[in-house]
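The values are calculated or read from the model by the stated rules, or taken from the named source; none is laboratory data. Since we're looking at a predicted model, the values are computed, not measured. Virtual Cβ from ideal backbone geometry, glycine too; neighbours counted across all protein chains shown.
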Amino acid sequence: MGISIRAVGEASKANIEGMDTNCVEALLRARSVDFGTYAGAGGQVEAMESDQNRDNDVDLVSGAELRARRPDLIELIESSARKETTNVKTLEQQLAETQAQLAEEKKARTAAETKATAAEAKIPESEKASKKATASAELTKLLAESKLPEPTQKRLREKFAEAVSTDGMKEQIELERE
């Protein structure tokens with residue numbers, strides 16, 4: 001009887017008993033081993049199994065049998081699963097809290113941006129009102145110094161009521177005086 005193997009190995013050229021051949025130095029991986037009457041010739045060996053105790057073969061044991069015979073393993077597995085479930089629930093809760101916090105922060109940021117936009121929109125109006133007030137105060141001063149009659153001063157106030165600068169005020173007062 002011989003053995004035929006299908007394997008991966010390391011070999012070197014050698015002369016054994018007067019024959020040039022490959023000398024196998026190491027087998028790295030075996031894929032199959034066959035027994036045969038002539039090695040590599042496809043011979044067969046009849047299988048002879050000894051009385052096997054399949055009670056401990058994990059592939060053949062049912063869950064109920066494993067639970068009955070090894071409750072310690074079942075408890076270890078279930079404990080590990082409970083711990084993982086608890087960890088997952090904790091992580092899910094942290095995720096939900098973080099998402100809620102982000103939503104609140106986004107809402108607050110949006111409200112702040114809305115207020116900032118509204119305030120920025122009011123800046124030009126405020127600047128215009130400030131310039132109008134400055135021009136009006138300057139007109140009042142110029143009119144007081146001009147000593148023009150009240151009806152003329154009233155007409156000039158109405159003319160420059162919307163003015164945002166003092167451009168042309170002195171010239172107009174001089175024209176009215178002449």
- [ ] Scan Glu127, Glu113, Glu104 and give me the residue that is in a helix (DSSP H, G or I) and within 19 Å of the chain's Cα centre (by Cα).
- [x] Glu104
Task: Flag if Ser136 is of a type in the set (S, T, N, Q), under 30 Å from Glu158 (Cβ atoms) and touching a residue at least 24 places away in the same chain (Cβ under 8 Å) - done: yes
Task: Restricting segment 141-167 to residues that are within 18 Å of Lys128 (Cα to Cα) and over 60 Å from the mean Cα position of the chain (by Cα), the residue that is surrounded by the most Cβ atoms within 10 Å (Cβ to Cβ) - done: Phe160
Open item on the list: I'm trying to understand the selection: among the residues of segment 137-161, which are in a helix (DSSP H, G or I) and within 10 Å of Ile173 (Cβ to Cβ)?
Closed with: Leu139, Leu142, Leu143, Glu145, Ser146, Thr152, Gln153, Leu156
TODO: Pull up segment 11-68, narrow it to residues that are surrounded by 11 or more Cβ atoms within 10 Å (Cβ to Cβ) and assigned to a loop (DSSP other than H, G, I, E, B), then point me to the one that is modelled with the lowest pLDDT.
DONE: Gly43
